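Here, each number is a calculation from the coordinates, and none is a lab measurement. Predicted, not measured: the structure shown is a model, and the values here were computed from it. Glycine also receives a Cβ, built like all others from the backbone with ideal geometry; neighbour counts cover every protein chain displayed.
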Amino acid sequence: MKYEVRISGKTHIVEFERHGEGWQARLDGQSEAADVVETAPNTFSVLLSSRSYEVCVTPSGDGQLQLQTEGLEFNAEVVDPRSWRGRRHAGAEAEGRQQIVAPMPGKVVRLLVKTGDAVEAGQGLLVVEAMKMQNEIRSPKSGTVERVVVAEGQAVNAGEVLAWVN
């Protein structure tokens, strides 16, 4: 599978090829062994050349993807939309009750919604500060905020539940 991906304005060629039980990934022609597992909705554990990353992917309605990993945030777009549209992570919204989790350890610095608020897919729910960067955590779907289980100023761990959207 070959994809043309634009990350933060720079276009890259990303290729994946199945090798036995794993995958071989090539980024701009450089080959790496890769293992990717979805650990939660829109959250992936990526093992690339013996280094582990947790990548949170937030799709938006305009075909853009927001990628968060190791305190960094990137905007990505698959240039050939057919290559991403067929996957369930595309511009389609998540379905059913969604658990919103902290993508990394940090501190909740601002709540943007409260229990009972109606939200749209991609709308900011809260802001978590990690490594001196503020990361807006967005809703994976349109719906109602069922519960917010954190407060401003609260420290959170990676994977900790922050809110529920139904």
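The table below lists the values:
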read-out	value
Residues (buried (at least 20 other Cβ atoms within 10 Å of the Cβ), in contact with a Lys or Arg (Cβ under 9 Å, 6 or more places away or on another chain) and closer than 19 Å to Glu54 by Cβ) located in segment 146-162	Val156
All positions within segment 130-145 that are part of a strand (DSSP E or B) and surrounded by 15 or more Cβ atoms within 10 Å (Cβ to Cβ)	Ala130, Asn135, Glu136, Ile137, Arg138, Gly143, Val145
Scope segment 31-64; condition under 20 Å from Gly124 (Cβ atoms) and without any contact (Cβ under 8 Å) to a residue 24 or more places away in the chain; matching residues	Val55, Gln64
Hits in segment 102-129 (condition: small (Gly, Ala, Ser) and part of a strand (DSSP E or B))	Gly106, Ala118, Gly124
Residue that is among the small types (Gly, Ala, Ser) and free of Cβ contacts under 8 Å to residues at least 40 places away in the same chain, where the choices are Gly122, Gly116, Gly159, Gly153	Gly116
